[in-house]
Amino acid sequence: MPEQRGGSADVEPAGDAGARVLAGRYRLRELLGQGAHGEVWGADDPVLGEQVAIKLLLRAGAESARVRREIAALRMLRLPGVVRLLDEGMDEGRPFFVMERVDGAPFPGRIAGDAGDATDGEESAPAPRDDRTVSTSATAAIATATSEVRPRRAPRPAGRAPRWNFSAIAAPTEALLEILARVHLAGIVHRDLKPANVLLRPDGRPVVLDFGLSLAPASTSRAAAKTDTEEGLIVGTPAYLAPEQIRGGPIDARADLYAVGAMLYEALTGSLPHDAPTVEGLLLLRLAQPPVPVRDHVPELPQNAADLVDRLLARSPEDRPRSAADALALLRGQAGARRAARTVPRLGGDAPVQVILAAARAGRALDVTGPRGSGRTRCLEEAAEALDREGRRVLRLPPGRRPLASLSPAIGSLEDLARAPLEEVLARAEALVRGALAAGAVLVADDAERLDPWSSAALARCREAGAVIRAFRDERADGAAADGAAAADAALRLGPLDERALRPLFAGPDRLFHLREDAARALWERSAGLPARVAAEVDAWVRAGFGRWDDARLVVERDTLDRLQSGLPIAAAPTVVEAEGPAANEPHLEELCAWLGVAGSRLDAAQLARLMRRPRFRVEAELGALCTRGWARRAGADRFELLVQAGGGWSEDERRATQRAVAGALAPGAPGRLFLLVAAGEDERAADEALAASRRLAEEGLLGRAAAALHEGLLAARRGPEAAVARWERRLLSTWVEIACAERSPRALDRVLYELCRARSRTSPEVARLEALVRAVILVDGPSWRGRAREAADALGAFAAPALERWRQWVRVRAGIRQGPEALEAALADARAWAAATGHPDAQAAVAGWTGLLRYAEGRFEEAARWHAEAVARETWLPLRLAATLNEAAALLEAFQPARAAARARAAGEMAARCRHPYFEARAEWARRTAAYRMGEALAPDAELVEACAALSAPDHFALVCCTEAAIAYRAGDLGAARDLAARAAETWRRLDHRWPELFGRCFAAAVRGGLPEEEARALAAQAARCPVPGLGIQSLALLRRACPALPPFPDEVLAPLCRGIPEARWDDRLDVLSVRESLAAAGSGTVSPAPGEQR
């Protein structure tokens, strides 16, 4: 569908004529609140037909940094439970941003006393509390507070605020922790949680507001945060500040958890955790003393809730739950609240357990073999537990060293044979074992090689007598029986899981996003598929905040996957797999393990030997020994991976020297080299490596990984010398802006905007211009900002770097598309002059693509396709070739060449899937399915594709997908799906202020639904008759007559202009829903003749 939309100038805001209209759109209704920096207004938005909340800054100045940071955070956090950002801009020099309006009460919810949920305190009024966000000097606060400190005491019985029953706040608390788990997983720490910033809707759902102080955890130290407020100041609300915020130390998600604890303490007890008459006294008291345990105030409080509140209010972050997910587990009463204690769901099916059970039930012996971590113990234990539940006698044989100690569960102590010779005792023991087996007992020996030798021999002789289930460790790859194990016909060998078996562990979607597929691959690469290592790695991901559990599925975001696939190291906790390692009398193996732990599989044996300054043959022999003992495994030709922990005896200097040496042996841009430089403290080298790696990855189309590399480079640069920080930030952020603009997805642009807003050098002209460029790219597709985006691009002036100037020119061209062919031609003339002046190949490629856009807007679709094909041939970056290929496919669709369009879309879709670009992959899917529909193929609506596109945050494309899938459903007779999809398309276009597509969607939905009132149908028909988009108006009139049969046929003089631009030879070809011939038959007499020049 050619992209057209009406302007917003014809939209007249409803309401009082005297109300102020902001930015020509938002009618301010009521002042909801105000502070030192600005005002919050309730307003009407006539474009969306909704009530909104608007933050209006008093002026653009130093305080605007907080607003910019809040906008950037809200763009990043498109999550349930976080207030939605709808729009932003300037009005008469005052910045503002528009959010959804949330009607609700501050946490914990309804007014105290409602429905008995809260109980009042004594008659005297509660002491006033100031919960405003303040800035105060940390040094002054502590230095002047000595006289304010009082001994810890229980709260006064009088003056208490209303107290809430735990049952009334349990559900909102759980919901709040779930929201924070998502927020923290996205890399944001709020830093100013308090009741006023957590509103509960009437249905009890919390919404988190005011991210003006938020920061990413990697930049929450005092040094990193000093550019956000005046250095040395404490920012936040004193009543809810964590001790580390007061001290100015590093801040992470646990500071938000402390604030939640203070909110819960206050709600449950009616008083704050610490009480002092001054702010300074309150801050010092918080540093000096823990609060009174919450159960001292509320003895009836459930133990798990009391434990949660007390742990949340721990003075040391290390004593609090590690994450909101852990806090949620504590609240729900899950023991320990540690993911390590949570068993990873069984993967790969339960066939091994069923084999063990079948042998045990049949009284057959079975040996289970497999390498370290293959799940032998878990299989045996699950089978034993199932047999216990069936009432069978299961005897678990322990490891032992003394004679027959391992058989004691089956034979007892044999005290009556204390003076008997060994031979007699062995015979008696064997008889007792055979007797137990004959009576139906099942003997289970895990780690059978650790049984004492006498028990092991007796058990081997008794295997034919019944159900003897043994497990042996077997590190050999050939599957031969381990020492002491039976032949293959009586053995079950366990091995590693493949990637596909790991996918059910993760939450999706896979369609477009490939989340389960990529998470499984990343996990397999780090665990080799061994179940025990899988469990340890998953626990490490959760502990590091890189994943969270949602019921039985692990949620890992795309940004995190990009970092993991780039080689981000995560220290896993010790596991059974890693419990053993080189002994103290094997220093040569211990040193090799330490080097291998740093190098991983990045270096081969020859490189390791050279770095260690040891003979190659010895290193190769020792690597073989490590594999034989199960401490390492082969990871390709002459490369190895460590399976045990090592290097514990190294000093920090020794470890860093090794990391530098390994990084030096790797080529620039090699996987993992960046993280080695970061770990070695080579900050400037790491920043330079991030630049090189990001450009290489971007050229290959791996934009997410490129952004991940830049993120790590920024973190390293900000740890370097202050004089170098600004220089590296500008270089890294410039490259990141270039990459984000090439991707052009909302998430990519929001992410780089967030980084720009929190840059230490953001006041520099270079960074300010980068931020303005990104905002222009974002705003050019906004419903009310197309003209202002062009103005913003013009105000920026030309960039010296062609890679950045390209995107400024792109904003001007894109705005021209929105404003009409004349504006587009003028913008393109300037772009051609720029390309000629610079002579850069990328500029020539860009101009070729933009010329294709002009020809498309003019309806010259075949020419447009040729220009886009030229852009494909010229582009050097794969993402830009992808975009040009998809533009070519869209032009071919409108040129009635669906087969060629499908071929180009298929090629683009394969490229997009390889480089994990969901937006381009979605565009390719739409073009391919649209082409198939127009060629008359029998299709069924693809609901999975629709929902995947809904998650893209690309509403224009989502509407196109809904329209095509609605047409497919309509032809297939699935009228319910057609109606719903057409309505979703129309509503999305309405929100985008796309006039003609919205009209078409409304007509389509009405045709499927039927029963359209004649008066409404006539009004829609009057608009459709003026539609300038070829084919769209005629289809709209035809659909209206199907929606309202009472409408008379439309005369030829109305229909004929709507068919212009479509050759008669194509009148039988399907368009968006109907062909021209079908439309004429439904809308009028069907006798319209083509215009001159359109007969062919």
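The values are calculated or read from the model by the stated rules, or taken from the named source; none is laboratory data. Because the structure is a prediction, the values reported are computed rather than measured. Note: ideal-geometry Cβ built from the backbone for every residue, glycine included; neighbour counts use all protein chains shown.
Quick look at the values:
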| quantity | calculated |
| --- | --- |
| Enumeration of residues in the range 79-112 that are within 26 Å of Arg182 (Cα to Cα), hydrophobic (A, V, I, L, M, F, W, C) and part of a loop (DSSP other than H, G, I, E, B) | Leu79, Val83, Val102, Phe107 |
| Qualifying residues in the range 1064-1083 (those that are among the basic types (Lys, Arg) and in contact (Cβ under 8 Å) with a residue 24 or more places away in the chain) - the one surrounded by the fewest Cβ atoms within 10 Å (Cβ to Cβ) | Arg1066 |
| Some residue of the range 953-972 being more than 28 Å from the chain's Cα centre (by Cα) and surrounded by fewer than 20 Cβ atoms within 10 Å (Cβ to Cβ) | yes |
| Candidates Ala431, Ala420 - the one that is assigned to a helix (DSSP H, G or I) and either closer than 16 Å to Ala457 by Cβ or free of Cβ contacts under 8 Å to residues at least 40 places away in the same chain (or both) | Ala431 |
| Test: residue in the range 655-666 that is hydrophobic (A, V, I, L, M, F, W, C), outside any helix (DSSP H, G or I) and at pLDDT 90 or above | yes |
| Enumeration of residues in the range 798-824 that are modelled with pLDDT of 90 or more and surrounded by fewer than 21 Cβ atoms within 10 Å (Cβ to Cβ) | Ala798, Phe799, Ala800, Ala801, Pro802, Ala803, Leu804 |
| Single condition Gly581 does not satisfy, out of (1) out of contact with any Phe, Trp or Tyr (no Cβ under 8 Å at 6 or more places or on another chain); (2) at pLDDT below 85 | (1) |
| So Glu424, is it surrounded by fewer than 20 Cβ atoms within 10 Å (Cβ to Cβ), of a type in the set (D, E, K, R) and touching a strand residue (DSSP E or B) at 6+ places or on another chain (Cβ under 9 Å) | no |
| Set Leu347, Leu308, Leu264, Leu328: member being under 34 Å from the mean Cα position of the chain (by Cα), under 29 Å from Trp524 (Cβ atoms) and either modelled with pLDDT of 85 or more or not in a helix (DSSP H, G or I) (or both) | Leu347 |
| Conditions (1) within 29 Å of Ser734 (Cα to Cα); (2) touching a strand residue (DSSP E or B) at 6+ places or on another chain (Cβ under 8 Å); (3) among the basic types (Lys, Arg): number failed by Arg634 | (1) |
| Residue count for the range 437-451, restricted to those that are assigned to a helix (DSSP H, G or I) and under 22 Å from Arg401 (Cα atoms) | 3 |
| Breaking point among (1) at pLDDT 90 or above; (2) not in a loop (DSSP other than H, G, I, E, B); (3) not assigned by TED's automatic domain parsing to the domain that holds Gln245, for Arg378 | (1) |
| Arg934 crowded, with 20+ Cβ neighbours inside 10 Å, in contact (Cβ under 8 Å) with a residue 60 or more places away in the chain and more than 26 Å from Pro1063 (Cβ to Cβ) | no |
| Filter result (in a loop (DSSP other than H, G, I, E, B) and in contact (Cβ under 8 Å) with a residue 40 or more places away in the chain) within the range 512-544 | Leu512, Phe513, His514, Ala528, Leu530 |
| Subset of the range 1012-1042 [assigned to a helix (DSSP H, G or I) and either acidic (Asp, Glu) or under 17 Å from Glu894 (Cα atoms) (or both)] | Glu1014, Glu1015, Glu1016, Leu1032, Gly1033, Ile1034, Gln1035 |
| Set Ala724, Ala709, Ala800: member being among the aliphatic types (A, V, I, L, M) and without any contact (Cβ under 8 Å) to a residue 40 or more places away in the chain | Ala800 |
| Total residues in the range 523-539, condition at pLDDT 85 or above and on the phi > 0 side of the Ramachandran plot | 1 |
| Filtered residues of the range 545-568 (kept if assigned to a loop (DSSP other than H, G, I, E, B), touching a residue at least 60 places away in the same chain (Cβ under 8 Å) and of a type in the set (A, V, I, L, M)) | Ala552, Leu568 |
| Qualifying positions in the range 601-627 - farther than 24 Å from Ala670 by Cα and in contact with a helix residue (DSSP H, G or I) (Cβ under 8 Å, 6 or more places away or on another chain) | Pro615, Arg618, Glu622, Ala625, Leu626 |
| Restricting the range 347-383 to residues that are hydroxyl-bearing (Ser, Thr, Tyr) and out of contact with any Lys or Arg (no Cβ under 8 Å at 6 or more places or on another chain), the residue that is surrounded by the fewest Cβ atoms within 10 Å (Cβ to Cβ) | Thr377 |
| Selected residue (only one of Arg68, Arg20, Arg101 is out of contact with any Lys or Arg (no Cβ under 8 Å at 6 or more places or on another chain), at pLDDT 80 or above and of a type in the set (Lys, Arg)) | Arg101 |
| Residues of the range 973-1011 satisfying the condition of being crowded, with 23+ Cβ neighbours inside 10 Å and assigned to a loop (DSSP other than H, G, I, E, B) | His994 |
| Leu417 on the phi > 0 side of the Ramachandran plot and in the same structural domain as Glu382 (by TED's automatic domain parsing) | no |
| Any hit, the range 669-685, residues being over 26 Å from Ala726 (Cα atoms), in contact (Cβ under 8 Å) with a residue 60 or more places away in the chain and crowded, with 20+ Cβ neighbours inside 10 Å | no |
